[in-house]
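Notes for the one structure printed next.
The values are calculated or read from the model by the stated rules, or taken from the named source; none is laboratory data. These figures come from a predicted structure and were not determined experimentally. Cβ atoms come from the backbone with ideal geometry, glycine included; neighbour counts cover every protein chain shown. Note: accessible area is taken over every heavy atom of the protein model, side chains too, but ligands, DNA and RNA are not part of it. Shrake-Rupley method; radii C 1.70, N 1.55, O 1.52, S 1.80 Å.
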Amino acid sequence: MYPIDKLLLDNKDWAAGKVAADPGYFERLSHLQTPEFLWIGCSDSRVPANEITGTQPGEIFVHRNIANLVIHTDVNLLSVLEFAVNHLRVKHVIICGHYGCGGIKAAMNNHDYKQVLNMWLRNIKDVYRLHRPELEAIADPQAREDRLTELNVQEQVLHLAKTSIIQRAWKYEQRPRLHGWVYGLKDGLIKPVFEMNPDAPIDDLYSYDDL
Ligand code: CO
């Protein structure tokens, strides 16, 4: 059997197991999408949002990309954000990075990953440049990489707060709260590193005054 066929077989087992335990499970879920959380995480296969937070289908709306970046020309991410904030009315948006992130490592060296990936990773290099003095004061390469992972999450939360989508929801509905987390591949634990509440100050330059 090919590995791809195993996925489909295991899916049948999983679905049968769910129905055996709770006959109305899928019928109920199919009518219900009211997640309180939007998760913006890394595409890394080792960081599955539901599994590491102990949540079930229906509880978290998920967007993932390499190194959990919020880029203001990314129509995919902005559509997810718009839908989650204004239609699902989520109360929390979580940016979750992870230690040992390949995207962060790649942005810290000088290898040419060819265009598209270079373009994507450049956003992480910009985070490094913004925090260069702090990062270069850290002698241990692993500790420096870990700190960049945390700063990247912080920067992406700030990017969320720069969107009119978030600023409008903050002004009229005092939600959602923004959270920056980093997941540890080695211990399975999530470390909160940054947070912004709806009353958080935003740099004047990025603040809309006619929302
Ligand atoms: Co990653």
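Tell me whether segment 19-37 contains one or more residues that are within 16 Å of the ligand (Cβ to nearest atom) and surrounded by 10 or more Cβ atoms within 10 Å (Cβ to Cβ).
no
Give me the pairs: first residue in segment 109-124 and more than 19 Å from His98 (Cβ to Cβ), second residue open to solvent by 70 Å² or more (accessible area, probe 1.4 Å) and assigned to a loop (DSSP other than H, G, I, E, B), beta-carbon distance under 9 Å, and six or more apart or on different chains, which are they?
As it stands, the answer is Asn118/Asp112, since those pairs meet every condition given.
Looking at Tyr128, Tyr99, Tyr113, which one is closer than 24 Å to Tyr206 by Cα, within 16 Å of the ligand (Cβ to nearest atom) and open to solvent by 30 Å² or more (accessible area, probe 1.4 Å)?
Going through Tyr128, Tyr99, Tyr113 in turn, the sole match is Tyr128.
If a residue has to be free of Cβ contacts under 8 Å to residues at least 40 places away in the same chain and more than 22 Å from Trp120 (Cβ to Cβ) to count, how many in segment 81-108 make the cut?
2
Any residue that is in contact with a strand residue (DSSP E or B) (Cβ under 6 Å, 6 or more places away or on another chain), open to solvent by 60 Å² or more (accessible area, probe 1.4 Å), outside any loop (DSSP other than H, G, I, E, B) and assigned by TED's automatic domain parsing to the domain that holds Ile166 - is there at least one of those in segment 41-53?
no
Name the residue that is farthest from the ligand (Cβ to nearest atom), counting only residues in segment 54-80 that are polar (S, T, N, Q) and crowded, with 16+ Cβ neighbours inside 10 Å.
Asn65
Sort out which residues of segment 176-211 are open to solvent by 40 Å² or more (accessible area, probe 1.4 Å) and assigned to a strand (DSSP E or B), and write them in order of number.
The answer is Arg177, Trp181, Ile190, Lys191, Pro192, Val193, Phe194, Glu195.
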